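Read the structure below first, then the notes.
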Amino acid sequence: MTTMTQPADQQVAGGPLNDAQTQLREATTILGYDDGLHAMLAAPRREVTVSIPLRRDDSRIELLTGHRVQHSLTRGPAKGGLRYSPDVNLDEVRALAMWMTWKCALLDVPYGGAKGGIRIDPRQYSQAELERVTRRYTSEISPLIGPERDIPAPDIGTDENTMAWLMDTYSAQQGHTVLGVTTGKPVSLGGSRGRATATSRGVVQVALAALRSRGIDPAGATAAVQGFGKVGRYAARFLAEAGVRVAAVSDQYGTTAASAGLPIPAVEEHVDATGSVVGFACGDQVDDLLTLDVDLLVVAAVEGVLHAGNAAEVRAQVIVEGANGPTTPEADVILQDAGRLVVPDILANAGGVIVSYFEWVQANQAYWWSAAEVEAQLADRMTSAWERVSEHAARLDLPLRTAATCLAVERVAQAHLLRGLYP
Ligand code: NAD
């Protein structure tokens, strides 16, 4: 028997946790909170790191590492995605969990924030191996999760199959089916209609509103979309359907572009057939999608892609964060000084957690809504969040991110203060 291990978890200097902490510090300073309250808001409530021994299909044993961080439980059960990526580390999961807390509070869904991750490149593993990894990870974290404790959902590298395995493993341990332990499940297994496209619908809804707020008519506007996964793909599709000319899309393998506008359905077919946007016929060559001369840039891939080294080169008037944490605080300052409008992650990509909330409500009631009902309620919540954040930003002369973070942090702090300290 051969045993393979991964390198020990490494602390990342800078990185998403530093970004999340910087954003929180700015908000608590504006809100006038003292150090004690700031510390309560900054620290994760619970975190667990687990070892996941995996028997590969060729019988070798490999030891993987997984994390689950519950940043806050103050407003309700923790909620947040599960990420499978070779870049996962504990600090990244901590940052993503904190952003989930603010997102849930901003949208007023009754959850705290959490995130999970396993350091694994899912493309290197068979479906059977990924199922075993998911089941073992679920088993290891099962004391912490549940419909009233912590409710995982898909994120980078995971999908509705992952959620079905997670739900099944948890249910087997409980002795009965527990649909509400996860969201983002297949519709045939208690998933919500409209969940798969919800994040992208919300992204596009606020992107169109943001363009209009800048006097740019979406019909005829141009856009570039980074990331062509669960968020980026449908964002590109819905933008094109709204009349926006999507001039470029990218994934981790490269970019495809056409200044006249890409035929997104054909790009989707190409991705389904080949696994990447690269090689799509009729494409132009572009060096860097992020700095294309377009009206709208949607970043829907990973953290930290807009940073001090490239923010000044961004030419889009409106940047919409489909991804979590794609803009570093240094880049935020540069983009703000250049007059760009950045619609922050905790607002822009909240459609996913909104419909996850609807899925959890439906699962707990065993009563299923129509797609039209889901989409109408999603649109209502995104519209009111956009209006509240825009109005708060305009009134206090703050960037949208700062306004959104202040609104969210204030809501969590109020819940802390109302609940009081035990004992
Ligand atoms: P995914 O795994 O389905 O897709 C990720 C995409 O990004 C893939 O196309 C991948 O090739 C691409 N990518 C990775 N690195 C890249 C790079 N350096 N340059 C260009 N493309 C790159 O993941 P997803 O669910 O679409 O998540 C994307 C982002 O959206 C993440 O930040 C995630 O946390 C956030 N998010 C997802 C949801 C959701 O409902 N899935 C909800 C809110 C936020």
Inset, instruction - Would you check if L398 is in a loop (DSSP other than H, G, I, E, B) and surrounded by 12 or more Cβ atoms within 10 Å (Cβ to Cβ)? - result: yes
Inset, instruction - State whether one or more residues within the range 283-295 are near the ligand (Cβ under 10 Å from one of its atoms) and either part of a loop (DSSP other than H, G, I, E, B) or open to solvent by 30 Å² or more (accessible area, probe 1.4 Å) (or both). - result: no
Inset, instruction - Would you point out the residue of the range 402-414, among those that are open to solvent by 20 Å² or more (accessible area, probe 1.4 Å) and touching a helix residue (DSSP H, G or I) at 6+ places or on another chain (Cβ under 8 Å), that is nearest to V318 (Cα to Cα)? - result: L407
Legend entry - Filter pass, D57 being open to solvent by 50 Å² or more (accessible area, probe 1.4 Å), closer than 25 Å to W165 by Cα, among the charged types (D, E, K, R) and not assigned by TED's automatic domain parsing to the domain that holds A301: yes
Inset, instruction - Could you please let me know if T256 is within 16 Å of the ligand (Cβ to nearest atom), in contact (Cβ under 8 Å) with a residue 60 or more places away in the chain and not in a loop (DSSP other than H, G, I, E, B)? - result: no
Inset, instruction - For the range 261-282, name all the residues that are open to solvent by less than 60 Å² (accessible area, probe 1.4 Å), within 15 Å of the ligand (Cβ to nearest atom) and of a type in the set (G, A, S). - result: G275, S276
Inset, instruction - May I ask you to verify whether E359 is in contact with a strand residue (DSSP E or B) (Cβ under 9 Å, 6 or more places away or on another chain) and either within 26 Å of A224 (Cα to Cα) or part of a helix (DSSP H, G or I) (or both)? - result: yes
Legend entry - Number of positions in the range 192-240 that are within 15 Å of the ligand (Cβ to nearest atom), open to solvent by 10 Å² or more (accessible area, probe 1.4 Å) and among the small types (G, A, S): 3
Legend entry - Failed condition for D380, given (1) out of contact with any Gly (no Cβ under 8 Å at 6 or more places or on another chain); (2) buried (at least 16 other Cβ atoms within 10 Å of the Cβ): (2)
Inset, instruction - Determine which member of the set R315, R388 is assigned by TED's automatic domain parsing to the domain that holds S259 and open to solvent by 10 Å² or more (accessible area, probe 1.4 Å). - result: R315
Legend entry - Residue list for the range 171-191, filter: in contact (Cβ under 8 Å) with a residue 40 or more places away in the chain and more than 12 Å from the ligand (Cβ to nearest atom): L179, G180, K185, G190, G191
Legend entry - Evaluation of S85 against (1) within 16 Å of the ligand (Cβ to nearest atom); (2) among the polar types (S, T, N, Q); (3) more than 17 Å from the chain's Cα centre (by Cα) (one fails), failing number: (3)
Inset, instruction - Spot the failing condition for P186; the list is (1) over 17 Å from V298 (Cβ atoms); (2) open to solvent by 50 Å² or more (accessible area, probe 1.4 Å), and only one is missed. - result: (2)
Inset, instruction - May I ask you to list the residues in the range 145-170 that are of a type in the set (A, V, I, L, M) and open to solvent by 40 Å² or more (accessible area, probe 1.4 Å)? - result: I156
Inset, instruction - Looking only at the range 324-348, count how many residues are more than 16 Å from the ligand (Cβ to nearest atom), closer than 21 Å to E92 by Cβ and out of contact with any Ser or Thr (no Cβ under 7 Å at 6 or more places or on another chain). - result: 2
Legend entry - So A105, is it modelled with pLDDT of 95 or more and either open to solvent by 10 Å² or more (accessible area, probe 1.4 Å) or basic (K, R) (or both): no
Inset, instruction - Restrict the check to the range 303-313 and report whether at least one residue is polar (S, T, N, Q), touching a helix residue (DSSP H, G or I) at 6+ places or on another chain (Cβ under 7 Å) and in a loop (DSSP other than H, G, I, E, B). - result: yes
Inset, instruction - Answer yes or no: is there a residue in the range 68-91 that is closer than 29 Å to L378 by Cβ, open to solvent by less than 20 Å² (accessible area, probe 1.4 Å) and among the aromatic types (F, W, Y). - result: yes
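The values are calculated or read from the model by the stated rules, or taken from the named source; none is laboratory data. Treat the numbers as computed from the prediction; the structure is a model and nothing was measured. Using ideal geometry, Cβ is built from the backbone for each residue, glycine included, and neighbour counts are taken over all protein chains shown. For accessibility, only protein heavy atoms count, side chains too; no ligands or nucleic acids. Shrake-Rupley method; radii C 1.70, N 1.55, O 1.52, S 1.80 Å.
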